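What follows is calculated from the coordinates using simple rules that are stated; it is not laboratory data. Bear in mind that the values here come from a model prediction, so they are computed numbers and not experimental data. Positions of Cβ are backbone-derived with ideal geometry, glycine not excepted, and every protein chain shown enters the neighbour counts.
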Amino acid sequence: MMILFLPILIPLLTIILLLIVRKKLAYQHILSVLSVVAQLIVALSIFNKLGESTILVAQAGGWPAPFGISFLADYTATILLIAVALLALPIVIYSIGFIDKVRQQGGLFVLYQGLILGVNGAFLTADIFNLYVWFEVMLISSFVLITLGAAKQQLRGSVKYLVMNLLGSSLFVAAIGLTYSQLGTLNMADIADKIMKQGSTPLLNSAIMLFFIAFGIKAAVFPFFFWLPASYPTPPIAITAFFGATLTKVGVYVMLRFYSLFANMDEAFWQPIIFIVAGLTMLFGVLMAASSYDIRKILSFHIISQIGYMLMGIGLFSLIGLAGALFFIVHNMFSKTAAFMAAGLIKRFKGSYDLNMLGGLYKSKPILAFLFLIPALSLAGIPPTSGFFGKLFLVMGGFQSGEWLITIVAIVVSILTLFSMIKIWNEAVWKPAEEKAVEPSNQKLNPLIIAASFAMTVFTLFLGLTVFWTFDSFTEAAAQLLNPQLYIDAVLNNNRPALN
Amino acid sequence: MNLIIAVLIGLLYATGAYLLLRRSIVKLVLGILFLSYATNLLLFFTGGLSLMSPAFDDGSYPDLSQLSDPLPQALILTAIVIGFGLAAFSMVLIYRFFKETGTVDLDELSDNKK
């Protein structure tokens, strides 16, 4: 299945080409856009090949399964591949218009492709050490992206980001070492197979816990979230949007995968932990958002709060809960990106992210108000937007499993999210323009920025409106996650080597 | 021997954690380095502490199970290289940080002292 390598090879090739045409920005723009389009086509054709119980597997280098590195695409991975490719296109276009020439020349597009490379690799790999390598690819790109331009506040935010993520990485490697010493394998399917057959040992469980802590740091769950609001708002907002849409979501995806493969047989132990963390993540995120007055900060805190919802879906581990969580991840990727993009437009037009400085947007730029309104409603969960359906499925799943407490927390947090969005709406859009408001920068708005922001808003709307057609795929993905044996068989059985 | 190694790894982790909690950004980076060394060492010993032969089979070896596990060494090599890259990046970052802000003390940069 060579096609499984394409989502990795395309960005890699693009990086090389981009470095060759480093001096020519126009070529870089064209190449970046083409590369993202190609990735979208590849992701869609992988999706096309998937069937009810067909999971695509590829063995790198032709080494048989538990010895080499396996790559695997099931519905979950493929849906996320498509989502990343879909939102990378508007983000690249937005960045062309939004980010200054100095940063663009500093390798912005190379780093974007590096980030996509790491993200795609993390989605597809079925080997824990390889996963670590993809995480590092992603991480080093994000380190440079977050410091690109080296403004004072960027450096300050990036220190926290760097330290927390490096800490997470070393815990991750330690967990890999412990797992290997216990089971003698790194292949995720093989590990799951052995855990199922032999049962878990205490040392193995602590290794799995270390994994969850490491991914928890990357996904910014309670109590490891504080690096995110400190660092995400500092780089130009297009980069923030890309981070918010990909990095934390990869953390959640890996947790989902690990929970399905390594932890779900021990549900009595893991489920309460996941629920407690999920509930606290939701609550803390939304409460801190309520006390912020900077649009970027508010949206960053909401990233944290919404990670809690995804965790809740993982904890439920039922068909509708998992499908809801997956749908929620995709919804969040789109809505959040759209919201950040609209915030960038507001900044361009009004010269500030500070709600105290803003106002009168509805009167002066109704289109901008609309561009912000759709993702805001979606984040708050108002029908018929995607956020409403995501939360609906999760709440339904919660009631079905009889998990009242976490479900009620989810509903309350949802109302508080609405409050935050209304706050931004009131302060930035509704209220009359501030007199002390900063003069807007005179540069004309690049049509590319508006087009990209508009496209992202349309995606968000579209995801909500087509939910009844797309939801089958999400349920299919959830069904595959619920049955880890499918994953194990796909990787191991097809090419189990003849042991002598 | 196992105990000594375990204590050594634990000590490295402890040193790393202690340095991470200091205010100085230079110590912060040293802390990261200590953590990654501790992890590398941990990884190295996951193959087991043994006096077996290296994993090289020229066909003359009677019992392949007597060969030591080569995989942790491959892993640690990768981890060291990645660690080097990240360490280099952190060094450059703290240098830029110092040049830009004129201090190595993180507390002097807290939000209320913009």
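Here the simple spin-label model places points 7 Å from the Cα toward Cβ, and for A:Gln153 and B:Gln73 these points are separated by 5.2 nm.
For A:Val102 and B:Ser65, a Förster radius of 60 Å and the Cβ-Cβ distance give a FRET efficiency of 0.50, rounded to the nearest 0.05.
Got a sec? How would A:His331, A:His29 order by Cβ neighbour count within 10 Å, fewest to most? Numbers along the way, then the final one.
Working: A:His331 28, A:His29 18.
Taking fewest neighbouring Cβ atoms as first place, the list is A:His29, A:His331.
Here the stretch B:6-76 is treated as an ellipsoid with the same Cα gyration tensor; its semi-axes, largest first and in whole Å, are 37, 11, 6. Helices in chain B, meaning DSSP H runs of at least 4 residues, each add -39500 (n - 2.57). Divided by all residues, the mean residue ellipticity at 222 nm is -21500 deg cm²/dmol.
Separation of the alpha carbons by more than 26 angstrom is noted, of A:Lys249/A:Lys363; A:Lys391/A:Lys423; A:Lys101/A:Lys423; A:Lys249/A:Lys350; A:Lys101/A:Lys347; A:Lys350/A:Lys391, for A:Lys249/A:Lys363; A:Lys101/A:Lys423; A:Lys249/A:Lys350; A:Lys350/A:Lys391. Between A:Ala192, A:Ala289, A:Ala323, the Cα set farthest toward the positive side of the dipole of chain A (charges on each charged residue's Cβ, about the Cα centre) is that of A:Ala289. Secondary-structure-derived ellipticity at 222 nm for chain A, considering helices only, amounts to -25000 deg cm²/dmol, per-run term -39500 (n - 2.57) for DSSP H runs with n ≥ 4.
Indicate the gyration tensor shape class of chain A (rounded, prolate or oblate), computed on the Cα atoms with a ≥ b ≥ c the square roots of the eigenvalues: a/c under 1.5 is rounded; otherwise a/b larger than b/c is prolate and the rest oblate. Don't jump to the answer; show the numbers that get you there.
On the way: a/c = 1.77, a/b = 1.39, b/c = 1.28.
Here chain A falls in the prolate category.
Under the criterion of Cα pairs below 8 Å and six or more residues apart, the relative contact order for chain A equals 17 percent. Residue-wise HN-Hα couplings along the stretch B:5-19, as the Karplus relation 6.51 cos²θ - 1.76 cosθ + 1.60 with θ = phi - 60° gives them from phi, are 4, 4, 5, 4, 4, x, 5, 4, 4, 4, 4, x, 5, 4, 5 Hz; Gly and Pro carry x. Putting +1 on Lys and Arg Cβ atoms and -1 on Asp and Glu Cβ atoms, find which of A:Leu171, A:Ala343, A:Ala122 reaches farthest to the positive end of the dipole of the stretch A:2-485. Among A:Leu171, A:Ala343, A:Ala122, the one farthest towards the positive end of the dipole of the stretch A:2-485 is A:Ala343. Nearest 10 degrees, 0 to 90: what angle lies between the long axis of helix A:447-465 and the longest principal axis of chain A (Cα atoms)? The angle comes out near 50 degrees. Shown is the FRET efficiency for A:Phe226 and A:Ile3, computed with R0 = 35 Å from the Cβ-Cβ distance and rounded to the nearest 0.05: 0.30. Here the 3J(HN,Hα) profile of the stretch A:387-399, calculated from phi with Karplus coefficients 6.51, -1.76 and 1.60 at θ = phi - 60°, is x, 4, 5, x, 5, 4, 5, 5, 5, 4, x, x, 5 Hz, Gly and Pro shown as x. Placing a pseudo-label 7 Å from each Cα along the Cα-to-Cβ vector at B:Ala14 and A:Ile20 gives an inter-label distance of 5.5 nm.
Can you give me the Rg/Rh ratio for the stretch A:18-127, using Cα atoms for both radii and the Kirkwood formula for Rh? Please list the in-between numbers first.
Values: Rg = 16.2 Å, Rh = 15.3 Å.
When Rh is taken as the Kirkwood radius, the ratio is 1.06.
Neighbour counts of C-beta atoms inside 10 Å place A:Thr234, B:Thr78, A:Thr337 in the sequence B:Thr78, A:Thr234, A:Thr337, starting with the fewest.
Amide H contacts under 5 Å for A:Leu56: A:Ala73, restricted to partners 5 or more places along the chain or on a different chain, H placed in the peptide plane at 1.01 Å from N. Once you divide the Cα radius of gyration of the stretch A:285-334 by 2.2 N^0.38 Å, the number left is 1.27. How far, in degrees from 0 to 90, does helix A:128-147 lean away from the longest principal axis of the Cα atoms of chain A, to the nearest 10? The angle comes out at about 10 degrees.
Residue-wise HN-Hα couplings along the stretch B:23-34, as the Karplus relation 6.51 cos²θ - 1.76 cosθ + 1.60 with θ = phi - 60° gives them from phi, are 7, 6, 6, 5, 5, 4, 5, 4, x, 4, 4, 4 Hz; Gly and Pro carry x.
Placing +1 on the Cβ of every Lys and Arg and -1 on the Cβ of every Asp and Glu, with nothing else charged, gives chain B a dipole about its Cα centre of roughly 700 debye. Between B:Val81 and A:Ser364, the FRET efficiency estimated from the beta carbon spacing at R0 = 60 angstrom works out to 0.65. Basic side chains Lys and Arg get +1 at the Cβ, acidic Asp and Glu get -1 at the Cβ, and with that the dipole of the stretch A:185-285 about its Cα centre reaches some 160 debye. Overall shape of the stretch A:123-184 was characterised from the C-alpha gyration tensor. The equivalent ellipsoid obtained from it has semi-axes of 29, 13, 5 Å, in decreasing order. Computed from point charges on the beta carbon alone (+1 for Lys and Arg, -1 for Asp and Glu), the dipole magnitude for the protein assembly as shown about its Cα centre is near 2260 Debye.
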